[in-house]
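Notes follow once the structure below has been shown.
The values are calculated or read from the model by the stated rules, or taken from the named source; none is laboratory data. Note that the structure is predicted; figures quoted are calculated from it, not measured. Every residue, glycine among them, receives a Cβ derived from its backbone with ideal geometry; neighbour counts consider all protein chains shown.
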């Protein structure tokens with residue numbers, strides 16, 4: 001058995017014991033940090049029949065695609 005195969009087997013065994021760490025987040029806290037009231041944003045999204053991200057992007061004056069891109073970029077930096 002080659003060294004590479006042994007290392008792969010060992011890595012697979014170790015993955016069972018390593019805890020998966022997720023970054024906890026709270027949507028309401030994120031909305032508050034942007035300067036908005038979470039209940040008002042949720043109500044606006046419900047009335048408009050759209051997502052929270054769409055409503056927040058409109059409130060910030062950012063195009064929805066750009067807003068989603070910025071959110072993804074920020075999330076990738078947190079990893």
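Here are a few things to note about the model shown:
- Single residue of 69, 42 found to be surrounded by 11 or more Cβ atoms within 10 Å (Cβ to Cβ), modelled with pLDDT of 85 or more and under 13 Å from the mean Cα position of the chain (by Cα): 69
- Beta carbons closer than 8 Å, at least 6 apart along the sequence or on distinct chains, pair a first residue in the range 34-47 that is farther than 11 Å from residue 59 by Cβ with a second that is crowded, with 16+ Cβ neighbours inside 10 Å for 38/31; 42/52.
- Screening the range 9-29 for residues that are modelled with pLDDT under 70 and within 30 Å of residue 55 (Cβ to Cβ) and picking the one that is nearest to the chain's Cα centre (by Cα) gives 23.
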